[in-house]
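Reading through the structure tokens given below for one structure.
The values are calculated or read from the model by the stated rules, or taken from the named source; none is laboratory data. All values derive from a computational prediction rather than experimental measurement. Here the Cβ is made from the backbone with ideal geometry for all residues, glycine too, and neighbour counts use every protein chain on show. What goes into the accessible areas is simple: the full protein's heavy atoms, side chains included, and nothing from ligands, DNA or RNA. Shrake-Rupley method; radii C 1.70, N 1.55, O 1.52, S 1.80 Å.
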Amino acid sequence: MRTIKDLSFGGERPLFESHNLRLENVTITEGESGIKECSNIEAEQCRFEGKYPLWHVKGSKITNCYFAPGSRSAIWYSDDMVMEHCIIDAPKFFREMKNLTLIDVTINDADETCWNIDGLVIENVTLHEGTYPFMGCRNVKVKGLKSDSKYVFQYVKNVEIRDAHIVTKDAFWEVENVTIYDSYLDGEYLGWHSKNLRLVNCHIGGEQPLCYAENLVLKNCTFDAACDRAFEYSTVEADIRGHIESIKNPASGHITADSIGEIIIDENIKGPADCKIEVRGDSFPKGDSLNSPVPNPSEH
């Protein structure tokens, strides 16, 4: 493997079609496509300033590097990449890729980051700001994620998340086969239109969570007081620890909680309208005991 140290490259495509190359303390300055159509690339303690620095790269390891704000849309169409201990201050990173691993990476402008990645591994990653990170990703494993970006994990499939702290809005929409363990999820309209979403040992915050969901499962989960009108039109199996403020029009399944502030069953409920709702040791609905009318399911 050839090594380049302590140099700077600028302009357009300065290292085009490089192969079996190691970069140490190299700066890619203003310009475009510094490392393009390359393979087997290593970069250690490098700085990337120009646009589109790593496109169409096959096989790479990026370690202890910095990506400046000008390096927007830096890494697209690049497969089999491992990035460790890096800081990214630019948006629209990582698109249309296969087999991407991010370990101890901080992304300070996560706008439209990680789109359409097949085979994504995340360990101890932090996201700040921006919208729609992880859009359309498939076959994802996460262990340790902190994010305050909006609209995270939309249209994703086959995802396992552990130890995440996510503060967001409209997260996990239209997802399929997603399981989240031991995580804090705070965001309005969480998990709408999902299929096979499972939450295990999670704490949930935000308005109107988990509506229009199909085959939704919750095990040993807790809810903030702001979580009102949960589970509308969802098919759900839920084990809730502690209190949930309100449940509205679940379609079917079984919901158990330690206490429930309000159960809303109104004329808009969708069939089969046979969800069993229990406060541990008691069953609801029971006529108007919670001031909630209970319609005849046959009328819907």
Can you tell me which residue in the range 189-205 is farthest from GLU245 (Cα to Cα), limited to those that are open to solvent by 60 Å² or more (accessible area, probe 1.4 Å) and touching a strand residue (DSSP E or B) at 6+ places or on another chain (Cβ under 6 Å)? LYS195
Can we say ARG241 is in contact with a Cys (Cβ under 8 Å, 6 or more places away or on another chain), of a type in the set (Lys, Arg), modelled with pLDDT of 95 or more and open to solvent by 30 Å² or more (accessible area, probe 1.4 Å)? yes
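Among what's in the range 1-46 and is assigned to a loop (DSSP other than H, G, I, E, B) and open to solvent by less than 40 Å² (accessible area, probe 1.4 Å), pick the residue that is nearest to ILE87 (Cα to Cα).
CYS46
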Could you tell me whether any residue of the range 206-225 is at pLDDT 95 or above, surrounded by 15 or more Cβ atoms within 10 Å (Cβ to Cβ), among the β-branched types (Val, Ile, Thr) and more than 19 Å from TYR181 (Cα to Cα)? no
Residues (more than 22 Å from the chain's Cα centre (by Cα) and not in a loop (DSSP other than H, G, I, E, B)) located in the range 236-245: GLU237, ASP239, ILE240, HIS243, ILE244, GLU245
Residues (over 20 Å from MET83 (Cα atoms), open to solvent by 80 Å² or more (accessible area, probe 1.4 Å) and in a strand (DSSP E or B)) located in the range 122-159: LYS150, LYS157
